[in-house]
Every structure is written in C-alpha cells, then in structure tokens.
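The values are calculated or read from the model by the stated rules, or taken from the named source; none is laboratory data. Keep in mind the model is a prediction, meaning the values are calculated, not measured. Counting neighbours? That spans all protein chains shown, and the Cβs are built from the backbone with ideal geometry, glycine included. What goes into the accessible areas is simple: the full protein's heavy atoms, side chains included, and nothing from ligands, DNA or RNA. Shrake-Rupley method; radii C 1.70, N 1.55, O 1.52, S 1.80 Å.
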Amino acid sequence: MSLEEEVRNLSLTGRMIVCLLAFEEFCKDHCLASPEIDEFIDYMWKWPLIEGPDQFDPWIKSSPTLIDFALGGELPESVRRKLVDSNIEEHRFRNVIEGLVEIIWSSFWGASEDSQSYESFQKSIKSMKIESLPPITPFKFSRFKDNGGWGEKPSLIDYEYWQKLRCSA
C-alpha cells in the first residue's frame, strides 16, 4: 500500500494530527514562533480528547485567532511580522493553516467529508513543502471507515504516545 493510500485510510482525526505534526516541524524549520501559533497548536491538539457536545461547544467557542484566519479572517499583525521575518508568504501560510483546519472543520456539522478532508490535508502538506510526512503508523488504528469517518477514539495512552511524537519531530 502506498503512503498516499495509507493516509487516505486514516480517520479525519488521524489526518489532522499527522498534518499538525508536520506543521509543528514546518514552524521549527522556519524559526516561526509566536504566541498565536502556540495557541493554535495547543488548541488543535485538544481535538482528539473532545467527547460529546458538553466538551465540543466550549472547545469551538474558545477557538484562537488562527482558526478565524483559516476560515477567511484577517491574520494578526504580530504573525504577519513573523512571516516576513521567516520569509514565508502570507498566501502560503494561509494555505497551510486553512488546509490543516479544514481536514476536520468541514465535517463538524454534517456528514464526514472524506474527499474534502483528504484534499485539505494535501493542500496543507504541499504548501508546507516538506520532504517527508511524520510517521503515520501510530494513527493507523484510527481509520476513516470507522465511526462515521472519525475513526476509533484514541485511548489516553495512545494520545500520550501521539504527544511524544511532538518531542521527536
């Protein structure tokens, strides 16, 4: 099975976490750091732990400014300056963030969007211009064919293991 097929088989959550790991590496490689980016990364990492509307609604309502940017809003000036310092075009950064968010966002209020999610994953990854993906093996149990596209919910042990991948990236 090709890497493309393996990613295609991942759940929406699995795809998003693989892309988020790639984004963290992208930021590290480009010395791109800001409180807004940290807040965005931390926010997105909370997604696999969300269970039910009691947690979902507050999570959605607490979305950081880069979620607004991904959904068509303005880029905070402080991040714009960081992009200039890192020699990253705003349009490229928008594609990275927008793709990453849309992997899951477009499926929140309707049926899981497999094709749209995969295209968003590809958009973000291609815009990052990374040489290789983070390891996807830890996410293979979370498949699109399970749980309406969302895959099996990671156990706390799985989630903690996923978090450890951040340190090795």
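Total residues in the range 63-79 satisfying the condition of being in contact (Cβ under 8 Å) with a residue 24 or more places away in the chain and of a type outside the set (S, T, N, Q): the figure is 8.
In summary, residue 38 fulfils each of the numbered conditions (1) touching a residue at least 24 places away in the same chain (Cβ under 8 Å); (2) part of a helix (DSSP H, G or I) with the single exception of condition (1). Hey, does the range 71-80 have a residue that's of a type in the set (Lys, Arg), modelled with pLDDT of 95 or more, buried (at least 21 other Cβ atoms within 10 Å of the Cβ) and at negative phi? Checking the range 71-80: not a single residue is of a type in the set (Lys, Arg), modelled with pLDDT of 95 or more, buried (at least 21 other Cβ atoms within 10 Å of the Cβ) and at negative phi. Looking only at the range 119-137, filter to residues that are open to solvent by 30 Å² or more (accessible area, probe 1.4 Å) and assigned to a helix (DSSP H, G or I); which one of those is farthest from residue 97 (Cα to Cα)? Ranking the qualifying residues of the range 119-137, first place goes to 137.
A Cβ distance below 8 Å, combined with a sequence gap of six or more or placement on separate chains, defines the contacts here; from the range 87-101, residues that are farther than 16 Å from residue 121 by Cα and assigned to a loop (DSSP other than H, G, I, E, B) reach residues that are of a type outside the set (Asp, Glu) and open to solvent by less than 40 Å² (accessible area, probe 1.4 Å) in the pairs 88/32; 89/83. Go through the range 28-63 residue by residue and tally those that are of a type outside the set (A, V, I, L, M, F, W, C) and under 14 Å from the mean Cα position of the chain (by Cα). Residues that pass the stated criteria total 7.
Determine, yes or no, whether residue 84 is open to solvent by 60 Å² or more (accessible area, probe 1.4 Å), hydrophobic (A, V, I, L, M, F, W, C) and assigned to a helix (DSSP H, G or I). Yes; evaluated as a whole, the condition is true for this residue. For the range 141-154, a residue qualifies if it is open to solvent by 50 Å² or more (accessible area, probe 1.4 Å) and either within 26 Å of residue 70 (Cα to Cα) or out of contact with any Asp or Glu (no Cβ under 7 Å at 6 or more places or on another chain) (or both), and the qualifying residues are 143, 145, 147, 148, 150, 153. Inspect the range 41-64 for any residue being closer than 21 Å to residue 149 by Cβ, aliphatic (A, V, I, L, M), part of a helix (DSSP H, G or I) and open to solvent by 70 Å² or more (accessible area, probe 1.4 Å) and give the result as yes or no. Yes, because at least one residue in the range 41-64 is closer than 21 Å to residue 149 by Cβ, aliphatic (A, V, I, L, M), part of a helix (DSSP H, G or I) and open to solvent by 70 Å² or more (accessible area, probe 1.4 Å).
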